[in-house]
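Peer 1: Input: one structure, supplied below.
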Amino acid sequence: MKSLRTWHVTLTLVAVACGPDEEVYASDCADYDACDEQSGPQDNLCINEFMASNSWTTPDENGAYSDWIEIHNPNEETVSLTGLTITDDLTDPEKHILVDLEIEGGEYLLFWADGTEDAKDTHLPFKLDQGGESLGLFHADGSVIEALDYDTQATDFSASRIPDCSDLW
């Protein structure tokens, strides 16, 4: 008899600065014309999916099964990621600075949270905590593009937004 594996994800929406003098929740930003006018294509990027315990599901280019974070670009145009930062600790937004990376319009990019010491390209110097923690994507000036907290994750199950970049996990 097979046992049914269940999992639970709880995410917390974090307030972000949508415009110069305006703070709203990320889920509200798309609803405000002022936010759309003041934001650029990087502001539309989202942490679309992540897996905090990958034992056999998705291998990296070397065949290793590392934790991963998927960034989605819902824009029509290619967006440069150079200078953006990604972290698993919202108090340390500069944990990893992205260099020489772009993501084409409508595309996805996986970042491998494998704890690589001299991380470059799409490999990160940290691993995700299966027991729960935070994820963040920041502008070079430290302003938040997106930030979230997650609870305990089951092995080989990802948490994802459906549809892409929506508020539904």
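Peer 1: How high is the relative contact order of segment 56-135, in percent, with contacts defined as C-alpha pairs under 8 Å that are six or more residues apart? All intermediate terms of the calculation are to be shown ahead of the outcome.
Peer 2: Values: 155 pairs, mean separation 24.3, N = 80.
Averaging sequence separation for qualifying contacts and normalising by length gives 30 percent for segment 56-135.
Peer 1: Relative contact order of segment 93-169, please, whole-number percent, based on alpha carbon pairs below 8 angstrom and at least 6 residues apart. Walk me through the numbers on the way to the answer.
Peer 2: Values: 87 pairs, mean separation 15.3, N = 77.
Rounded, it is 20 percent for segment 93-169.
Quick note: the coordinates plus some simple rules give every number you see, no bench work behind them. Please read all numbers here as calculations on a predicted model, not as lab measurements.
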